[in-house]
Amino acid sequence: MPDSIRHLFHRLAPAVDFCSLRLVEERSEHLTVRQDVLQPPTTGVDSGAMITVMHRGGYGYAATCDLSEAGLKEAIRRARHWAQVSAGRSVVDYAAIALPRPAGSYAGPAACEPAAASRKDLIALLMRESRACRIDARIVDWQASLWTVDASQRYLTADGADIFQQFRYAIPSLVATASEGAETQTRSLGGQYNGYCRQGGLDVLEHAAFDGAGRRVAREALALLAAPNCPSGRMDLLLMPEQMMLQIHESIGHPLELDRILGDERNFAGTSFVTLDMFGHYRYGSGLLNVTCDPTRPEQFASYRWDDDGCAAERTYLIRDGVLERPLGGAVSQARAGLAGVATARACGWNRAPIDRMANLNIEPGGSSLDDMIRSVERGVLMDTNVSWSIDDSRNKFQFGCEVGRVIEDGELKGLVKNPNYRGISATFWRSLKAVGDESTHSVMGTPFCGKGEPSQVIRVGHASPACLFGDVDVFGGE
């Protein structure tokens with residue numbers, strides 16, 4: 001990000017209570033091999049700036065991809081105009097909100113390093129895994145892909161803040177679909193959310209065990225064709241990290257977003273069953289449930305040192321020993337609600353304003369091994385990798401389906417089952433948590449596709465979790 005922008009911004013910044021510039025640039029490449037055929041590679045460059053103005057209690061913003069003096073001057077004019085128009089007419093008195101003035105820089109894993117492999121080598125890897133899927137005529141569709149993004153962001157305020165952050169993201173994906181007669185089953189690496197995404201370079205592929213995954217995923221898809229349907233009834237449920245990611249996201253992350261609790265999202269993304277008076281005493285889960293928001297874990301997908309309002313990131317407990325402590329709310333929402341939150345005001349790009357989002361939302365490991373949890377189950381099902389989801393507007397009643405299941409009987413892992421599903425209510429589901437896996441069951445996951453906001457914003461989110469065991473859950477199959 002050129003220093004010329006900084007000098008230009010400080011020269012053009014108006015005499016107002018607060019003015020900031022957030023300059024964002026992203027360079028992306030998406031490589032896909034489908035059925036052993038290289039698809040047209042896609043590359044993109046997206047850059048621009050967001051101007052924010054607070055003045056006399058009003059708030060305004062304007063974005064531009066024209067980074068010339070004329071372009072920035074016009075964006076500043078529009079942002080100041082909206083601040084003037086909204087003064088005295090908003091539910092928020094922005095004059096009472098003091099945003100920080102940070103200075104410094106941050107680089108995520110591999111963000112400043114040259115690419116570790118050429119495009120030719122990456123295509124060869126994808127082609128190899130694609131061909132490895134072709135083990136049987138019943139594999140009717142398959143593909144391998146890698147999406148990489150290099151991003152940089154500079155945040156300036158008229159009164160001295162100056163931070164610069166750089167990130168590199170890698171999102172691998174591998175999917176195989178098997179079909180025979182009227183039956184079709186799909187297995188994937190990390191699910192449709194591209195769950196093995198992380199910050200970093202080719203080490204992300206190693207974490208996902210991408211090398212050799214084609215044959216394994218295809219075999220599992222074929223095995224599901226002949227598997228019986230998941231049994232139905234109330235029983236124990238053992239969720240692996242690829243499914244825990246979705247469970248955390250939908251029934252902890254979204255309900256705890258403070259702007260949603262305050263009603264801002266009700267027109268589009270809904271509200272929350274959580275209310276402001278629950279914080280500090282509400283039993284969200286059993287005493288085994290410990291949830292942190294941790295943007296400081298470098299390899300996770302949504303790590304950063306400062307959020308998009310310039311607030312410093314830190315690891316914070318949202319739920320401790322099952323009790324709800326803090327919401328997912330940035331500086332503006334915290335001031336509105338009178339509650340302490342976290343540094344998670346985030347925007348999906350230069351042309352969106354920051355709103356309350358998940359960052360890295362994690363369940364802390366417990367003390368149970370996977371074998372210990374399986375041995376404790378008299379009747380239950382192990383489920384992995386989300387394939388379908390449904391949850392109500394208040395993020396309370398839900399129904400989720402997984403790609404694969406395994407029956408557990410009398411403490412032993414038994415046969416494969418297909419079409420495993422379960423349903424529950426967020427307000428009680430987490431209280432049925434019976435055991436939390438240790439570090440050996442733990443995995444760092446994420447998704448590039450968390451949607452929210454008006455206008456819509458699709459943002460990167462991280463989730464790390466161990467395997468978790470729940471009791472007396474309503475489980476059902478596909479028949």
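The values are calculated or read from the model by the stated rules, or taken from the named source; none is laboratory data. A quick note: this is a predicted structure, and the numbers were derived from the prediction, not measured. Cβ coordinates were reconstructed from backbone atoms using ideal geometry, including for glycine residues, and neighbour counts include every protein chain displayed. Just the protein is used for accessible areas: all its heavy atoms, side chains included, with ligands, DNA and RNA removed. Shrake-Rupley method; radii C 1.70, N 1.55, O 1.52, S 1.80 Å.
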Give the share of C-alpha pairs in each 10 angstrom bin for segment 64-137, from 0 to the last occupied bin, in whole percents, shortest bins first. 13, 16, 21, 16, 15, 15, 4
Based on DSSP H runs of at least 4 residues, each adding -39500 (n - 2.57), what is the mean residue ellipticity at 222 nm of the chain after dividing by all its residues, to the nearest 500 deg cm²/dmol? -5500 deg cm²/dmol
Packing-based order for 420-432, 343-355, using average beta carbon neighbours within 10 Å, highest first: 343-355, 420-432
When 1/r is averaged over all different Cα pairs and the result inverted, which Kirkwood radius in Å belongs to segment 401-479? 15.4 Å
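When you have a sec, figure out the Kirkwood radius of segment 344-406 from all distinct Cα pair distances and drop it here in Å to one decimal? Can you show the working numbers first?
Values: mean 1/r = 0.0634 Å⁻¹.
When all Cα pairs of segment 344-406 are included, the Kirkwood radius is 15.8 Å.
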Post the alpha-carbon centroid distance, segment 127-156 to segment 339-402, in whole angstrom. 24 Å
Report, largest value first, the span of the C-alpha coordinates of segment 249-298 along each principal axis, in whole Å. 33, 30, 16
Under-5 Å amide H pairs with residue 141, H placed in peptide plane, nonlocal only: 177
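Would you mind calculating the relative contact order of segment 242-298 from Cα pairs under 8 angstrom and at least 6 residues apart, reporting the percent as a whole number?
It rounds to 21 percent for segment 242-298.
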Cα long-axis angle, helix 119-133 against the chain (0 to 90 degrees, to the nearest 10): 30 degrees
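Compactness ratio of segment 196-279: Cα Rg over 2.2 N^0.38 Å, N = residue count? Working shown, then result.
Values: Rg = 19.2 Å, N = 84, 2.2 N^0.38 = 11.8 Å.
The value comes to 1.62.
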Please report the base-10 log of the normalised intensity I(q)/I(0) for segment 66-206, using a Debye sum with one equal scatterer per alpha carbon and no solvent, at each q in 0.15, 0.19, 0.21 (1/Å). -0.90, -1.14, -1.26
Of the lysine pairs in the chain, how many meet both conditions: Cα atoms under 30 Å apart, and a spacing of 8 or more in sequence or different chains? 7
State the percentage of accessible surface on the chain attributable to carbon and sulfur atoms; use a 1.4 Å probe and exclude ligands, DNA and RNA. 48 percent
Once the Cα gyration tensor of segment 6-144 is found, what semi-axes does its equivalent ellipsoid get, as square roots of 5 times the eigenvalues, in whole Å, sorted largest first? 48, 18, 15
Please grab the % of Cα pairs in the chain that end up more than 44 Å from each other. 17 percent
Dimensionless Rg ratio for segment 153-220, taking C-alpha atoms and the 2.2 N^0.38 Å reference: 1.75
Taking every C-alpha to C-alpha distance in segment 271-356 and binning by 10 Å from 0, the per-bin percentages run 18, 45, 32, 5, 0
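So what's Rg/Rh here for segment 329-479, counting alpha carbon atoms and using the Kirkwood radius for Rh? Could you put the intermediate results ahead of the total?
Details: Rg = 18.1 Å, Rh = 17.6 Å.
Radius of gyration relative to Kirkwood radius: 1.03.
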Set Lys and Arg Cβ to +1 and Asp and Glu Cβ to -1, take the dipole of the chain about its Cα centre, and tell me which of 21, 312, 249 lies farthest positive. 21
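Provide the per residue accessible area, probe 1.4 Å, for segment 153-259, rounded to a whole number of square angstrom.
On the way: 3060 Å² over 107 residues.
For segment 153-259, the per-residue accessible area is 29 Å².
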Once both axes come from the Cα atoms, what is the angle between helix 213-226 and the longest principal axis of the chain, in degrees from 0 to 90, rounded to 10? 50 degrees
